[in-house]
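Scroll down for the structure; my scribbles are underneath it.
The values are calculated or read from the model by the stated rules, or taken from the named source; none is laboratory data. Note that the coordinates shown come from a computational prediction; the quantities given were computed from them, not determined experimentally. Positions of Cβ are backbone-derived with ideal geometry, glycine not excepted, and every protein chain shown enters the neighbour counts. Side chains are part of the model used for accessible areas, which takes the heavy atoms of the whole protein and leaves out ligands, DNA and RNA. Shrake-Rupley method; radii C 1.70, N 1.55, O 1.52, S 1.80 Å.
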Amino acid sequence: MNRKYRKTIIAGNWKMNKTPSETKEFMAEFKSIMPKGRWCDVALCVPAVCIPTAVRAMRETRVGIGAENCNANASGAYTGEIAANMLVDAGCKYVIIGHSERRAMGETDAEVNAKVLSALKNELSPIVCVGESLEQRELGITEDWISMQVKCALSGVPEEKIRKIVVAYEPIWAIGTGKTATPEQAEEVCEHIRTVIRKLYGAKIARAISILYGGSMNEKNAFELLAQPDIDGGLIGGASLVPEKFVKIIEAANQPTV
Ligand code: 13P
């Protein structure tokens with residue numbers, strides 16, 4: 001983390017977990033144990049049907065609610081899809097874009113880019129996910145792959161909008177596997193992502209963008225990961241489903257930094 005130049009963000013990704021009723025229960029418990037100080041930004045990205053409940057429950061708090069996906073089009077004949085402006089109207093501040101679980105369902109880099117542009121047009125903060133597979137890591141092409149994903153996702157994003165972007169580095173081999181990247185491995189790629197952004201937008205902007213790590217981050221390993229200079233927060237799956245665990249991760253973000 002480097003709080004001098006950029007925000008620390010702890011974001012949960014609930015994936016396909018929790019009903020609206022369970023969301024209400026979670027939020028009540030979370031609110032009762034939430035750390036009081038304003039240490040970092042907190043986001044919870046929840047299933048679309050849970051958004052209204054989550055927004056209502058968190059209205060008076062500093063927790064921003066987000067969606068897990070959006071469609072790139074403004075409106076039209078896209079049965080089952082949800083446009084960025086609908087998410088904004090429902091009270092969302094964030095939207096996860098390009099999660100590896102969606103890429104595995106066929107989402108392309110061009111689609112990720114179109115969704116990022118649509119989210120930005122609607123003043124949503126896109127949490128853009130990038131990450132390599134174990135095979136790619138073993139082949140030694142992690143940095144090339146990540147550069148490509150970042151460049152594709154940010155293609156056509158104007159300088160005045162870039163500060164709304166949050167990037168999440170999520171190595172596919174670490175997601176839901178209990179196999180966390182070491183702080184050094186995670187830092188190496190997050191630093192690389194910042195270098196890619198620096199080459200595209202200059203040092204000042206690169207310094208201001210929050211880059212998160214995701215992949216089996218939990219209440220035990222968060223402190224060490226967040227101590228890395230280029231890891232500005234976490235995108236948390238499993239551990240964000242349990243209020244006490246999520247709170248402990250938020251607390252881990254309250255550590256002295258350089
Ligand atoms: P886990 O924390 O469950 O590994 O999930 C990470 C993730 O995919 C967050 O987007």
Hey, got the dipole for the range 1-89? About the Cα centre, +1 on K and R Cβ, -1 on D and E Cβ, debye to the nearest 20? 620 debye
Note on the chain: the mean projected area of its alpha-carbon convex hull, in nm², is 12.8 nm²
Percentage of interatomic Cα-Cα distances in the range 1-114 larger than 17 Å: 59 percent
Relative contact order in percent for the chain (Cα pairs under 8 Å, 6+ apart) equals 24 percent
Give me the percent of Cα-Cα pairs in the range 146-242 that sit more than 23 Å apart, rounded to a whole number. 25 percent
Within-12-Å neighbourhood charge of residue 152 [Cβ basis; K, R +1; D, E -1]: 0
Give the residue from 146, 247, 136 lying farthest towards the positive end of the charge dipole for the chain; charges sit on Cβ (+1 for Lys and Arg, -1 for Asp and Glu) and the dipole is referred to the Cα centre. 247
In whole percent, what relative contact order does the range 118-233 give with Cα contacts below 8 Å and a gap of six or more residues? 28 percent
Solvent-accessible area, 1.4 Å probe, carbon plus sulfur percent, for the chain: 53 percent
What is the sum of charges, Lys and Arg at +1 and Asp and Glu at -1, for the other residues whose Cβ falls under 10 Å from the Cβ of residue 247? -2
Lys pairs in the range 150-244, Cα-Cα under 29 Å, at least 8 apart or on separate chains: how many? 10
Quick one: accessible area per residue over the range 75-180, 1.4 Å probe, rounded to a whole number of Å²? 48 Å²
